[in-house]
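The structure appears below as structure tokens.
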Amino acid sequence: MPGPHPAVAEVRGAVRPFLAQVGDAVLVACSGGADSLALAAAIAFEAPRAGVSAGAVTVDHGLQAGSADRAGETAGVLRRLGLDPVLVTRVDVGDGGGPEAAARTARYRALSAAAVEHGAAVALGHTLDDQAETVLLGLGRGSGPRSVAGMVTHREAGGVGWWRPLLGVRRTTTRAACAAQELPVWDDPWNADPAYTRVRVRTEVLPLLEEALGGGVAAALARTAAQLREDLDALDDLAHAEYVRLARDGDLPAVEMAGLPAALRRRVLRGWLLAGGVPDLQAVHLAAVDALLTRWRGQARVDLPGGAGVVRTSGRLVLLPSGTTGPAAPDPTSR
């Protein structure tokens, strides 16, 4: 008896290690597109063999005509695959951060609520191509090494495990897997609209790079992201050890902090400020606090989001809570 189509076999092979780690239950986030539908079909096939309960969630954003009907049709496909429960969730999309960001925020909130209610992890259908696009967007925006490191296979947030089993699988493979299983794929018109930056990266920038560099660019970007994540995780671990060693009574010693390599020092500062409850910490705030260590000239308090502040006094960095003025001026003889 012949085996499954190669594309189907590849997607199923990608989900097996995930199902061995995910726990007792998983919900597949499925839009009806090729990536999430191929993932749903693979999990529906493999989950019973792994002893995992598998359901799905499709989110109706209500942003396009007929969205409720499409969500219902997708739910029907998911039920025919054998997934249970299959949930259809309608969300209200705000306008914060633009339409893409607002829709993503509403979607993840709905997925998180469903996962918590059913005691399940969430499986997302991001592919290697999505990873390459994310890396390029991070490079173009200059938003730091973590954004260039791309998406992680697994993370815990809000009491929910979020998994991306297909980060090593190409988009062409998921589409081929759907075709081989005669699954009805819905192509979201937003995914072809050049008004969105990610779409232009997908349809213009990556193909140009593939042509100019002789192919293999998407895979190379994904490999680079994986290597960078390893380095960043190691730096984060080292920085945490330094934070535990140096932080005493909520303060940090200025001279010892200044002697740390920049990559460690700024991570320690960031961890210290976040632990102190500073919200919405941006690079400009971190740079200003870092200057109290590396470019010390008797500066006054550095103001931070939420009304907190940092001063250097008596040789230490002191985090002042919101509403606290602290010393009128730092000690000019402070080291």
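The values are calculated or read from the model by the stated rules, or taken from the named source; none is laboratory data. Keep in mind the model is a prediction, meaning the values are calculated, not measured. When we count neighbours, we look across all protein chains shown, and the Cβ atoms used for this are built from the backbone with ideal geometry, even at glycine. Note: accessible area is taken over every heavy atom of the protein model, side chains too, but ligands, DNA and RNA are not part of it. Shrake-Rupley method; radii C 1.70, N 1.55, O 1.52, S 1.80 Å.
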Among (1) open to solvent by 10 Å² or more (accessible area, probe 1.4 Å); (2) in contact (Cβ under 8 Å) with a residue 60 or more places away in the chain; (3) assigned to a loop (DSSP other than H, G, I, E, B); (4) not hydrophobic (A, V, I, L, M, F, W, C), Asp35 falls short only on (3)
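Is at least one residue of segment 16-28 under 19 Å from Thr174 (Cα atoms) and surrounded by fewer than 18 Cβ atoms within 10 Å (Cβ to Cβ)? Don't jump to the end; show me each part of the working.
Just the residues of segment 16-28 that are under 19 Å from Thr174 (Cα atoms), to begin with: 16-19, 27-28.
Checking the rest, the ones that are also surrounded by fewer than 18 Cβ atoms within 10 Å (Cβ to Cβ) come to 16-17.
Yes; the residues of segment 16-28 include at least one that is under 19 Å from Thr174 (Cα atoms) and surrounded by fewer than 18 Cβ atoms within 10 Å (Cβ to Cβ).
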Right, Ala291: surrounded by 12 or more Cβ atoms within 10 Å (Cβ to Cβ) and modelled with pLDDT under 95 or not? no
Filtering segment 130-169 for residues that are surrounded by fewer than 17 Cβ atoms within 10 Å (Cβ to Cβ) and acidic (Asp, Glu) leaves a count of 1
The residue that is farthest from the chain's Cα centre (by Cα), considering only those in segment 277-288 that are surrounded by 15 or more Cβ atoms within 10 Å (Cβ to Cβ) and outside any helix (DSSP H, G or I), is Val278
Log entry, pairs with first residue in segment 170-181 being over 13 Å from Pro4 (Cβ atoms) and open to solvent by 60 Å² or more (accessible area, probe 1.4 Å), second being assigned to a helix (DSSP H, G or I) and among the aliphatic types (A, V, I, L, M), beta carbons closer than 7 Å, six or more apart or on different chains, reads Arg170/Leu128; Arg175/Ala34
The number of residues in segment 314-335 that are at pLDDT 90 or above and either on the phi > 0 side of the Ramachandran plot or in contact with a Gly (Cβ under 8 Å, 6 or more places away or on another chain) (or both) is 5
- Message: Residues that are part of a helix (DSSP H, G or I), open to solvent by 50 Å² or more (accessible area, probe 1.4 Å), among the β-branched types (Val, Ile, Thr) and more than 30 Å from Thr74 (Cα to Cα): does segment 185-202 have at least one?
- Response: no
Filter segment 59-84 for residues that are in contact (Cβ under 8 Å) with a residue 40 or more places away in the chain and farther than 18 Å from Asn191 by Cα; the one that is most open to solvent (accessible area, probe 1.4 Å) is Glu73
So, first residue touching a residue at least 40 places away in the same chain (Cβ under 8 Å) and at positive phi in segment 270-281, second residue assigned to a helix (DSSP H, G or I) and small (Gly, Ala, Ser), Cβ within less than 8 Å, six or more apart or across chains; the pairs are Gly277/Gly306
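Tell me which helices (runs of 4 or more DSSP H) are completely within segment 91-177 and hold 2 or more residues being at pLDDT below 90 and within 22 Å of Pro189 (Cα to Cα), or say none if there are none. Reasoning before the result, please.
Values: elements: 99-118, 128-141, 145-148.
Counting at least 2 such residues, we get 99-118.
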Of those in segment 237-272 that are in a helix (DSSP H, G or I), closer than 17 Å to Thr313 by Cβ and hydrophobic (A, V, I, L, M, F, W, C), the residue most open to solvent (accessible area, probe 1.4 Å) is Val255
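Quick check on segment 91-112: of everything there that is of a type outside the set (D, E, K, R) and in contact (Cβ under 8 Å) with a residue 24 or more places away in the chain, which residue is nearest to Ser36 (Cα to Cα)?
Filtering segment 91-112 for residues that are of a type outside the set (D, E, K, R) and in contact (Cβ under 8 Å) with a residue 24 or more places away in the chain, the one nearest to Ser36 (Cα to Cα) comes out as Leu111.
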